[in-house]
Amino acid sequence: MSSELSKIWLSSPHMGGQEQEFVNKAFEENWIAPLGPNVNGFESDLKEYIDQDKEVAVLSSGTAAIHLALVQLGVKAGDEVICQSFTFSGSANPIMYQGATPVFVDSEPQTWNICPKALEKAIKDRISKGKRPKAIIPVHLYGMPYMVDEVHEVASKYNIPIVEDAAESLGSTYKSKSCGTFGEFAALSFNGNKIITTSGGGALVSNNKASKEKTVFYSTQARDQAPHYQHSEIGFNYRMSNISAGIGRGQMLVLDKHVALRREMHQFYETIFSEIDGVEVLTEPSDDYFSNHWLSAITIDPIKTNGIDREQMRLHLETHNIESRPLWKPMHLQPVFAHMPYYGGKVAEELFERGLCLPSGSNLNDKDRKRIKEAILEVFKN
Ligand SMILES: *Cc1c(COP(=O)(O)O)cnc(C)c1O
């Protein structure tokens, strides 16, 4: 019976309506290339949205953005880069592309992001081993800003640049400043499941025009100034196409609406779980933090729920054709990274064991919410 009901997804693309006009224009003008008016337009829209003083280069993915940040920071084979362990592999893979070693750091329990204390321990220990980290990659996971002041204080104390992974946090702010504006570099993502999407894509935010030009240079195969093709450096094919950027321009028109709707989903879960012991919804620790609540995430403590755990909840929702997903499995527990250095305790590990992401899309309606609520209450009824 329930299988006849349409699937409720965790986070699915949500078009605003005007995306196709920008794409059609690209066809009419024959700008079907990794350059053109939509590329420039999307970049200036993003710049205006996050901070006029920043520079933005749009790319083929968020992962590519992190990679080009590391390239510009001179990360090379044998170097070390610190990375939040509790994240998606896209944060850490670019460290490996450069032949460098990721050093993973645990989270703190308030924002679930990199713990400033564990971070400082890691830096001190790596320096004592003769390995000064080349960069730090903290993440605003699920849209929740990390402890910006505390993390950046540690980073500046040791003079290590920050590459902010803001892939999930477009529309989030910390002390009224946009996420994606705090680091030396910041990466945004417009993958299909993110708060706005270009089907696939990303952007690298930097502090000045020279750095943006470098990003564009590396993302278009590092061509020297010459009438022929000449190369003095290794480049990448990472630039965003004018078609994707057209979708992006349309999505920028509805970004604030998407943030408001995702925040409503978070409030919806807050209300449901305020009545249920042992379930916590990830929420801003103070007014300094404003999350876009890209994904609403909960933790379940089976000791307080008569043994109901996150897996039971996930499987129950699945029988109602409702998608949910365990929180990110920390990088230091991934088979591919198991032999890399790690600093911290079991915060991230416990989040993974107890946590679940719930349907959070800006395109969910009252009927969807009713189904979700009934399914959740059913789990806790017995
Ligand atoms: C999505 C994501 C990325 C990578 O972005 P892509 O555009 O998918 O390459 C990196 N970090 C985090 C935390 C993400 O969620």
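List of remarks:
- In segment 109-123, residue surrounded by the most Cβ atoms within 10 Å (Cβ to Cβ) [restricted to those that are touching a Gly at 6+ places or on another chain (Cβ under 9 Å) and part of a loop (DSSP other than H, G, I, E, B)]: Cys115
- Cβ-Cβ under 7 Å pairs, at least 6 apart or on other chains, segment 170-181 side part of a strand (DSSP E or B), far side of a type in the set (D, E, K, R): Tyr174/Asp288; Ser178/Asp51
- Any hit, segment 203-221, residues being at positive phi and surrounded by fewer than 15 Cβ atoms within 10 Å (Cβ to Cβ): no
- Filtered residue count, segment 318-347, keeping only those that are within 19 Å of the chain's Cα centre (by Cα) and either farther than 13 Å from Ala297 by Cβ or open to solvent by 40 Å² or more (accessible area, probe 1.4 Å) (or both): 7
- Residue match in segment 135-155 (condition: under 18 Å from Lys76 (Cβ atoms), free of Cβ contacts under 8 Å to residues at least 60 places away in the same chain and within 16 Å of the ligand (Cβ to nearest atom)): yes
- Each residue in segment 174-194 was checked for being within 11 Å of the ligand (Cβ to nearest atom) and open to solvent by 10 Å² or more (accessible area, probe 1.4 Å), and 5 pass.
- Selection status of Glu284, in contact (Cβ under 8 Å) with a residue 40 or more places away in the chain and either open to solvent by 50 Å² or more (accessible area, probe 1.4 Å) or in the same structural domain as Tyr174 (by TED's automatic domain parsing) (or both): no
- Residue match in segment 91-103 (condition: farther than 19 Å from Tyr289 by Cβ, assigned to a strand (DSSP E or B), assigned by TED's automatic domain parsing to the domain that holds Thr181 and within 16 Å of the ligand (Cβ to nearest atom)): yes
- Residues of segment 210-229 that are in contact (Cβ under 8 Å) with a residue 60 or more places away in the chain and either within 13 Å of the ligand (Cβ to nearest atom) or touching an Asp or Glu at 6+ places or on another chain (Cβ under 6 Å) (or both): Lys212 alone.
- Test: residue in segment 236-256 that is touching a helix residue (DSSP H, G or I) at 6+ places or on another chain (Cβ under 7 Å), in a loop (DSSP other than H, G, I, E, B) and under 26 Å from Glu80 (Cα atoms): yes
- Members of segment 103-135 that are in contact with a Ser or Thr (Cβ under 9 Å, 6 or more places away or on another chain) and within 12 Å of Ile82 (Cβ to Cβ): Phe104, Val105, Asp106, Ile114, Cys115, Ala118, Lys131
Per-residue answers, yes or no, for (1) touching an Asp or Glu at 6+ places or on another chain (Cβ under 9 Å); (2) assigned by TED's automatic domain parsing to the domain that holds Phe236; (3) away from the ligand (no atom under 15 Å from the Cβ):
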| residue | (1), (2), (3) |
| --- | --- |
| Glu43 | yes, yes, yes |
| Lys54 | no, yes, yes |
| Gly78 | no, yes, yes |
| Ser85 | yes, yes, no |
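The values are calculated or read from the model by the stated rules, or taken from the named source; none is laboratory data. As the structure is a prediction and not an experimental result, all values here were calculated from the model. As a convention, Cβ positions derive from the backbone with ideal geometry for all residues, glycine included, and neighbour counts pool all protein chains shown. Heavy atoms of the whole protein, side chains included, go into the accessibility calculation; ligands, DNA and RNA do not. Shrake-Rupley method; radii C 1.70, N 1.55, O 1.52, S 1.80 Å.
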